[in-house]
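Peer 1: The structure's right below; bear with me while I get my questions together.
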Amino acid sequence: MSLRPLSGTQFVLEAHGYTASIASIGASLRSLQYHGRNLIVPFDANEVRPFFRGAILAPWPNRVVDGKYTFGGVEQQLSITEPLRRHAIHGLVAWLNFTVVRQTSDRLVLEATVEAQLGYPHQVTMEVEFALDAGGLRTTVVAVNTGPTAAPFGVAAHPYLVAGEGRVNDWTLGLPARQVLTVTPDRLIPLRLRAVDAVDLATFDFRTPRAIDDTFIDHAFTGLDRDEENTATVRVTTNAGSGVALSWGSECPWVHMHTADKPIPSIDRIGLAVEPMTCPPDAFNSGVNLKVLEPADSTRASWTIRAID
């Protein structure tokens, strides 16, 4: 009897110089390379996925403060999955084992269902498609409410981008966001939306690309400048100009950025988390951009990671 790797069943896609490795637990993007160069921080197949690297985050991204919210007039209590800050973080999908729907050399479709449970008494089935082409790796998530009651829903990605050699401090960030959601310093509880060009918030203004240096970021951004196709793009590059870009459409009006500051030197600031989100942190309480899926309703979100030569 062969043992399955700890991160789940493994799938490899290859096309146009890209190689993507996907693990079935959390439909996680385990690694992504372009001509052998890492575009994200990878993890081993036989490793418990660290820090939500590459996972799909649903039915909510980021934090639900204290794990408490009210929906349809009913108070709910989610399990506290971020003990130090006492929040419910990144949803319920990250540890589900997805099964294969379709697979080819450059395309993979996985599926899993969030079952009704304490704190989230709803049933949502999710289909995640990974597709490689000359433009990079495109991930598309389709969620369908397969239960009998309306369900609150949000989704996000969680890759840690890698520009090249070095660490976050060595790279240049281009982030086309005009607003940042300020938070409390201890528990990162959302406070209010402010302009990044405010005098006291200029450290978060990367509309003109500049070096990240030692800037600490663990914040959600919005007010995104988009191109003629309504696409927003974050770029992370080296001094030589090569690197990686992550793009997404209007279904994600938010992006969370995190410089991955860790107390362990070997993993401190080794990648920049760029998380396109359909709703902001604590949307289950604020209701901002929160999707409410009626029975049989569906919603879709997608994003693309590509190399910058």
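The values are calculated or read from the model by the stated rules, or taken from the named source; none is laboratory data. What you see is a predicted model; the values in this text were computed from it and never measured. A quick note on method: Cβ atoms are made from the backbone with ideal geometry, for glycine too, and the neighbour counts reach across all protein chains shown. When the accessible area is computed, the model is the full protein with side chains, heavy atoms only, and any ligands, DNA or RNA have been set aside. Shrake-Rupley method; radii C 1.70, N 1.55, O 1.52, S 1.80 Å.
Peer 1: Mind listing which GluC sites (Glu not before Pro) in the range 1-81 are in a DSSP loop and have 14 or fewer other Cβ atoms within 10 Å?
Peer 2: Those that pass, being in a loop and sparsely packed, are E47.
Peer 1: What is the Cα coordinate range of the range 167-309 on the first, second and third principal axes, sorted by size from largest, in whole angstrom?
Peer 2: On the principal axes, the range 167-309 reaches 49, 37, 32 Å in Cα extent.
Peer 1: Here is a follow-up. What translational diffusion coefficient, to the nearest whole µm²/s, does the range 132-186 have by Stokes-Einstein, given a Kirkwood radius computed over alpha-carbon pairs, a temperature of 37 °C and 0.692 mPa s viscosity?
Peer 2: It comes out at roughly 200 µm²/s.
Peer 1: What FRET efficiency do you get for S298 and K262 if R0 is 25 Å and r is their Cβ-Cβ distance, rounded to the nearest 0.05?
Peer 2: Between S298 and K262 the formula returns 0.10.
Peer 1: Also: Starting from the Kirkwood Rh over alpha-carbon pairs, what translational D in µm² s⁻¹ does the range 1-106 have by Stokes-Einstein at 4 °C and 1.567 mPa s?
Peer 2: Answer from the Stokes-Einstein relation: 84 µm²/s.
Peer 1: Specify the inter-centroid distance of the range 186-225 and the range 228-250, based on alpha-carbon positions, in whole Å.
Peer 2: After rounding, the separation between the Cα centres reads 17 Å.
Peer 1: Now for a separate question. What number do you get for the range 7-57 when its Cα radius of gyration is normalised by 2.2 N^0.38 Å, N = residues?
Peer 2: Against the compact-globule rule of thumb, the ratio is 1.05.
Peer 1: If you don't mind, there's one more thing I want to ask. Would you work out what percent of the accessible area of the chain, with all protein chains in place, is carbon or sulfur (probe 1.4 Å)?
Peer 2: Summing carbon and sulfur atoms, their accessible area is 51 percent of the total for the chain.
Peer 1: If you add up the charges near R300, with Lys and Arg at +1 and Asp and Glu at -1, over every other residue whose beta carbon is less than 13 angstrom from its beta carbon, what do you get?
Peer 2: With Lys, Arg at +1 and Asp, Glu at -1, the net is -2.
Peer 1: May I pose another question? Please list, by residue number, every one of the GluC sites (Glu not before Pro) in the range 207-309 that is coil in DSSP and has at most 14 other beta-carbon atoms within 10 Å.
Peer 2: Counting only loop positions with at most 14 other Cβ atoms within 10 Å, the GluC sites (Glu not before Pro) in the range 207-309 are E228, E229.
Peer 1: Right, something else. Which order do you get for K291, K262 if you rank them by accessible area with a 1.4 Å probe, largest at the top?
Peer 2: Accessible-area ranking of K291, K262, largest first: K291, K262.
Peer 1: Would you work out the charge dipole size for the range 5-79 about its Cα centre, treating the Cβ of every Lys and Arg as +1 and the Cβ of every Asp and Glu as -1, and quote it to the nearest 20 debye?
Peer 2: Dipole about the Cα centre, nearest 20: 120 debye.
Peer 1: Hey, another quick one. Please name which of S7, A143, A198 has its Cα lying farthest along the dipole of the chain towards the positive end, using unit charges on Cβ (Lys, Arg +1; Asp, Glu -1) and the Cα centre as origin.
Peer 2: About the Cα centre, the residue reaching furthest to the positive side is S7.
Peer 1: For the full complex of protein chains and a 1.4 angstrom probe, list V48, V124, V144 by accessible area with the highest value first.
Peer 2: V48, V144, V124
Peer 1: To continue, here is another question. Just to confirm, what accessible area per residue do you get for the chain at 1.4 Å probe, in whole Å²?
Peer 2: Solvent-accessible surface per residue comes out at 43 Å².
Peer 1: With no solvent and one equal point scatterer per Cα, compute the Debye intensity ratio I(q)/I(0) for the chain at 0.10, 0.15, 0.16 Å⁻¹ and report its log10, rounded to two decimals.
Peer 2: Those come out to -0.52, -1.25, -1.43, one per q.
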